[in-house]
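Working notes for the structure below.
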Amino acid sequence: MLETVVPLQSGFLEAAILRTLNGLQAGFVLFLIASGMTIILGILEVLNLTHGELFALGAYVSFSVYGFMVGVFAPPADAGLVTLALFVGYVVLGALVSAAVLLPVGVLLETVFIRPIYDRDEVYQLVVTFALLLVFVDIFQFVWGPSPVRVADVYTSINAIPTTELFGVTYPTYNLFVILLGTAVLLGLFYFFERTRTGRIVRATAIDREMATAIGVSTDRVFTLVFALGAFFAGFAGAIELPRTTATLGMGINPLVLSFVVIVIGGVGSLRGAFVGALVVGLVSRWLVPIYPVSRREAFPGIETEDGKRHLRLTRGLVLTGRQVVLGLVAALVLLALPDLMRVSDSLQLSVFHQGLLFGIAAVGLNLLVRHTGLVSFGHAAFFGTGAYTAAVLASKAGVNSFFVLLLAGVVVATVMAAVIGALSLRHTGLYFSLLTLAFGMLLYSLVKGNEAFFNGTDGLPVRPDPAGRPLLLGQAFPPEVYNLLLYYLTLAILAVLLLVMWRIVHSPFGNALDAIGQNRTRARFIGLPVERYVWLAFVISGLYGGVGGAVYATLQLQIDPDGTLFVLRSGDILFMAILGGYRTLVGPLVGGIVLVFLQDVGQDVTVYFEALTGVVLLALVYGFPRGIVGSLQRDSRFRAGLRDLREDPSVVSTWLARLRKSVADATRRAAENLRIILTGIQ
């Protein structure tokens, strides 16, 4: 394509010029992406995980534009500057069409999906935008297919575009055009925000939202405008970047992560900071990345009487009613009999349920952080993957064959990793904390994936002391079916211990202190709580749980790879398991883990667009069951209230449907009105 690779034998000056030019070009494109994200984050205070897919949508749309234009007017095979001028015209047209498509898409996303959750915890914003990310990926697959697409597929004359001699080196002319275009867009953005009335309104809203509302500014419309502008520039960037790259499913993840890095460097809401940060990231990536990539009594169980009723006491404070005891026994019997129950249908697999339990353990640990401190980690796959890779390295490299040794080692290393990352990340809170955990997670993923010599790169590592063997359980080797069955029952035993320990932590003075910290850090610090130390301990404990899940997962799968254990989407899965099951409950994250893994497995059998199916289910749960599956089954939930209304009056269904139709109609009307105002000016 149009990428310039610096050869190893190049002179230092030539290599320095080429790397600098490549860094500038990459920086300007990254600025176009990060500028939209930083103004959305600065004004709306929403961490838009869909932003990378908006970039990808711009690339895909521009690819269709190229194909259409080539069909209308075929470019000459080799006409020098004429070919360049024609191609630049195609690029500009494709970028404008892509940006024009992204504008109403941004309006629709903000009005229909983002606005209803402005007043909710930021964790819901992450869930919604992540679900939309999944939906977008499968939309791309449905419209453009699963195979990568390139400009060269439709514009065969791209290789005839002339190059330019600059500072004594040969450089693609199109890359210089991207630098000039990025400079023009940069100046245009500064002019818009500094000189125009609409830009001043946006800046005023960012500085003082309440004052802007008091003087008559419609902040809702400003929010829509800001989100639409962010989508606009993301699509624009995707269109101008496509000639240098290939459009593939999931191509939005890398620019999304790099945009986070830019925002951390430049500051939230700062265009100047985004520009500086983008240039820094662009130049550093071209200078430092390798040139050629490598591949008491009450403390004991007993019966006690309260209000004339007998209750079962498991431990201090953990007292169950008769109904809870029955439900618990039923759940335990189902779990124990599950291997036999799974045999009634070929579509039910014990390994899928087992994987759900293991990811659910990691989600239970993350839930301690989210529920009790209010911090949202988007990099917890780092600890799950650390536990898994520790077990794999010891088994495949050192020949360790004991399950318990592998488990212990995985937990220890994952806990140490959590201690280090927590010490570095917990200096910040809120969105910055989420960004840092995401960055550390991606760093670990990149290190493992890029190390072919030790970690075997994308192929991963076997978790076998020898090619045909399995880790020993209780000092014995077992055939595959017996091994999997015993490992499942060991997981149940470990799970019971972990849930009991987590319950004791949550209901201990330490857990109460975490609740106080999560509600108001300033007050917690004022009454003498060691806030930083307590939050760090919570982070380490959550990482320990992730290590347990990852280490057992490795011994179950017997082969692990970075995409399945360390990738950012696995962090998203762990977080959304907690939300799906109900992050304000103890066992909710565990239920969420089972449901999500099962949904993904069944979805792959039902449709190739299973990611979109998962995203739609997540969206339905966020809007329809905001307390999650287990939370919605509690007595005071909206879901239980709805069931009572339905039993008393079945005709209430028509009222619900009418309310739903009205909500959809109102949202559509608002989106159309906001789009009209954006195109004609804020009123």
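Here are the numbers:
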item	result
Cβ pairs under 7 Å, 6+ apart, first in region 595-611 and in a helix (DSSP H, G or I), second open to solvent by 40 Å² or more (accessible area, probe 1.4 Å) and β-branched (Val, Ile, Thr)	VAL595/ILE629; LEU599/VAL617
Leading residue by the ranking (farthest from VAL127 (Cα to Cα)) among those in region 600-616 that are hydrophobic (A, V, I, L, M, F, W, C) and buried (at least 18 other Cβ atoms within 10 Å of the Cβ)	PHE610
Check on LEU537, open to solvent by 50 Å² or more (accessible area, probe 1.4 Å) and touching a helix residue (DSSP H, G or I) at 6+ places or on another chain (Cβ under 9 Å)	yes
Candidates LEU490, LEU500, LEU544 - the one that is part of a helix (DSSP H, G or I) and open to solvent by 60 Å² or more (accessible area, probe 1.4 Å)	LEU500
Total residues in region 361-398, condition among the hydroxyl-bearing types (Ser, Thr, Tyr) and outside any helix (DSSP H, G or I)	1
Output for region 560-572, where each listed residue is part of a helix (DSSP H, G or I) and open to solvent by less than 10 Å² (accessible area, probe 1.4 Å)	PRO562, THR565, SER571, GLY572
Qualifying residue in region 252-268 (condition: farther than 19 Å from LEU47 by Cβ and either of a type outside the set (Lys, Arg) or at pLDDT 80 or above (or both))	no
Index of the failed condition, GLN557 passing every other in (1) at pLDDT 90 or above; (2) surrounded by 21 or more Cβ atoms within 10 Å (Cβ to Cβ); (3) of a type outside the set (A, V, I, L, M)	(2)
Within region 392-405, considering residues that are of a type in the set (A, V, I, L, M, F, W, C) and over 11 Å from LEU473 (Cα atoms), the one most open to solvent (accessible area, probe 1.4 Å)	ALA398
Residues within region 146-163 that are more than 17 Å from TYR66 (Cα to Cα) and either at pLDDT 75 or above or open to solvent by 40 Å² or more (accessible area, probe 1.4 Å) (or both), tallied	3
Options THR183, THR164, THR129; residue that is β-branched (Val, Ile, Thr), over 30 Å from SER218 (Cα atoms) and assigned to a helix (DSSP H, G or I)	THR183
Selection count, region 625-683, where residues are under 23 Å from ARG120 (Cβ atoms), among the polar types (S, T, N, Q) and either open to solvent by 50 Å² or more (accessible area, probe 1.4 Å) or at pLDDT below 75 (or both)	5
Per-region count, region 442-468, residues out of contact with any Leu (no Cβ under 8 Å at 6 or more places or on another chain), open to solvent by less than 30 Å² (accessible area, probe 1.4 Å) and not in a helix (DSSP H, G or I)	2
Meets criteria (at pLDDT 55 or above and among the polar types (S, T, N, Q)) for SER295	no
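Here's the yes/no breakdown for (1) on the phi > 0 side of the Ramachandran plot; (2) outside the structural domain of ARG150 (by TED's automatic domain parsing); (3) at pLDDT 85 or above; (4) touching a Leu at 6+ places or on another chain (Cβ under 6 Å):
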| position | (1), (2), (3), (4) |
| --- | --- |
| LEU2 | no, yes, no, no |
| VAL5 | no, yes, no, no |
| VAL29 | no, no, yes, no |
| VAL46 | no, no, no, no |
| ALA59 | no, no, yes, yes |
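Residues checked against (1) in contact with a Lys or Arg (Cβ under 9 Å, 6 or more places away or on another chain); (2) in the same structural domain as GLN519 (by TED's automatic domain parsing); (3) part of a helix (DSSP H, G or I); (4) hydrophobic (A, V, I, L, M, F, W, C):
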{"position": "ALA419", "(1), (2), (3), (4)": "no, yes, yes, yes"}
{"position": "ALA423", "(1), (2), (3), (4)": "no, yes, yes, yes"}
{"position": "PHE433", "(1), (2), (3), (4)": "yes, yes, yes, yes"}
{"position": "THR437", "(1), (2), (3), (4)": "no, yes, yes, no"}
{"position": "PHE440", "(1), (2), (3), (4)": "no, yes, yes, yes"}
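Yes/no matrix, rows are residues, columns are (1) surrounded by 18 or more Cβ atoms within 10 Å (Cβ to Cβ); (2) closer than 12 Å to GLU53 by Cα:
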| residue | (1), (2) |
| --- | --- |
| PHE192 | no, no |
| ARG209 | no, no |
| GLY216 | no, no |
| PHE223 | yes, no |
| GLY235 | yes, yes |
| ARG244 | yes, no |
| MET251 | yes, yes |
| LEU256 | yes, yes |
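The values are calculated or read from the model by the stated rules, or taken from the named source; none is laboratory data. Bear in mind that the values here come from a model prediction, so they are computed numbers and not experimental data. Methodologically, a virtual Cβ is constructed for each residue, glycine included, from the backbone with ideal geometry; neighbour enumeration extends over all protein chains shown. We work out accessible area using only protein heavy atoms, side chains counted, and drop any ligands, DNA or RNA first. Shrake-Rupley method; radii C 1.70, N 1.55, O 1.52, S 1.80 Å.
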